[in-house]
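**Student:** Structure provided below as structure tokens; questions to follow.
The values are calculated or read from the model by the stated rules, or taken from the named source; none is laboratory data. Everything numeric here is computed off the predicted structure, so don't read it as measured data. Quick reminder, even Gly has a Cβ in these numbers, built from the backbone with ideal geometry, and neighbours come from all protein chains shown.
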Amino acid sequence: MTIKRFFPLRLVAVVWTALALLLSLVAADPALADPIAVQRASLQADGSGWSLDARFDFDLNSSLEDAVNKGVPLYFTTDFNLSRPRWYWFDEEPVNVSQSIRLSFQPLTREYRVSTGGLQLGFSSLNEALDVIKHVTSWHVIDRMQVKPGETYNASVRMQLDIALMPKPFQIDAVNNRDWSLASDWKRFTFTATERAK
């Protein structure tokens, strides 16, 4: 009789112990952590609106570093979103912009190249090239006409390795491989539009 009474309690204890062990392993797994950290983000007034200054922190894992050194370009996309809650309808989103930066390696010149739009910069080491990618500065994201003076908005910024811009054979591999998953959470902060950008 006593064996039947204690068996369910032992089973429950074993299940709880196994569950606690599993949760501690999942929490300690670095692959599940956000590999890109947003250290800071702020909006600065410029002549025609506001520009974003943001600092990210990340390292390339060995698979990504090996891919770059073999000539596979990597694309890092920074997304910025500005929204204002409304009680009577969906949130207003006056700004939703993205900027992509391409990191590549040129084997003939032994040079790492960072390019965005028409601008292209060369670096002798991968760390120097990554330092430029990690620091987004003076990126014009808000025009004066897109916001109402005196209103408070919710600003959000994030960075991610954009596998959609990579060559097609690598996109297929990247979907199934955790090494190709590199992204930050949204960094959220409030922004109050002044009368005019100075």
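**Student:** Do we have residue 124 as within 16 Å of residue 191 (Cα to Cα) and among the small types (Gly, Ala, Ser) here?
**Tutor:** no
**Student:** I'm trying to understand the selection: among the residues of the range 124-133, which are surrounded by fewer than 17 Cβ atoms within 10 Å (Cβ to Cβ) and in contact (Cβ under 8 Å) with a residue 12 or more places away in the chain?
**Tutor:** The answer is 124, 125, 126, 128, 132.
**Student:** Given the conditions (1) modelled with pLDDT of 95 or more; (2) of a type outside the set (Lys, Arg); (3) surrounded by 14 or more Cβ atoms within 10 Å (Cβ to Cβ), which single one is not true for residue 98?
**Tutor:** That leaves (3) as the condition not met.
**Student:** Here's something else I'd like to know. Could you please let me know if residue 150 is on the phi > 0 side of the Ramachandran plot and free of Cβ contacts under 8 Å to residues at least 60 places away in the same chain?
**Tutor:** Yes, satisfied.
**Student:** I'd like the residue in the range 51-90 that is among the hydroxyl-bearing types (Ser, Thr, Tyr) and surrounded by fewer than 19 Cβ atoms within 10 Å (Cβ to Cβ) and, out of all such residues, is nearest to residue 113 (Cα to Cα).
**Tutor:** Here the answer is 75.
**Student:** In addition: Please work out which one of (1) under 17 Å from residue 67 (Cα atoms); (2) at pLDDT below 95 is the condition residue 111 fails and give its number.
**Tutor:** (2)
**Student:** In addition: How many of the residues in the range 63-100 are assigned to a helix (DSSP H, G or I) and closer than 17 Å to residue 128 by Cα?
**Tutor:** Total meeting the criteria: 5.
**Student:** Which count do you get for residues in the range 85-104 that are in contact (Cβ under 8 Å) with a residue 24 or more places away in the chain and within 22 Å of the chain's Cα centre (by Cα)?
**Tutor:** 9
**Student:** Also, quick follow-up: Would you confirm whether any residue within the range 173-182 is surrounded by 12 or more Cβ atoms within 10 Å (Cβ to Cβ), over 20 Å from residue 67 (Cα atoms) and either outside the structural domain of residue 72 (by TED's automatic domain parsing) or of a type in the set (Gly, Ala, Ser) (or both)?
**Tutor:** No.
**Student:** Within the range 147-156, is even one residue exposed (fewer than 13 other Cβ atoms within 10 Å of the Cβ) and closer than 20 Å to residue 38 by Cβ?
**Tutor:** No, the range 147-156 contains no residue that is exposed (fewer than 13 other Cβ atoms within 10 Å of the Cβ) and closer than 20 Å to residue 38 by Cβ.
**Student:** Scan the range 112-128 and give yes if some residue there is more than 23 Å from residue 55 (Cα to Cα) and either among the hydrophobic types (A, V, I, L, M, F, W, C) or more than 19 Å from the chain's Cα centre (by Cα) (or both), otherwise no.
**Tutor:** For the range 112-128, residues more than 23 Å from residue 55 (Cα to Cα) and either among the hydrophobic types (A, V, I, L, M, F, W, C) or more than 19 Å from the chain's Cα centre (by Cα) (or both): absent.
**Student:** Hey, which of the strands (runs of 3 or more DSSP E) in the range 116-198, taking only ones fully inside, have at least 1 residues that are touching a strand residue (DSSP E or B) at 6+ places or on another chain (Cβ under 8 Å) and hydroxyl-bearing (Ser, Thr, Tyr)?
**Tutor:** Correct list: 135-143, 152-161, 187-192.
**Student:** Yes or no: the range 169-190 includes at least one residue that is modelled with pLDDT of 95 or more, aliphatic (A, V, I, L, M), under 23 Å from the mean Cα position of the chain (by Cα) and under 24 Å from residue 60 (Cα atoms).
**Tutor:** Scanning the range 169-190, I find no residue that is modelled with pLDDT of 95 or more, aliphatic (A, V, I, L, M), under 23 Å from the mean Cα position of the chain (by Cα) and under 24 Å from residue 60 (Cα atoms), so the answer is no.
**Student:** Would the range 102-124 turn up any residue that is more than 26 Å from residue 35 (Cα to Cα), in contact with a Leu (Cβ under 9 Å, 6 or more places away or on another chain) and assigned by TED's automatic domain parsing to the domain that holds residue 40?
**Tutor:** no
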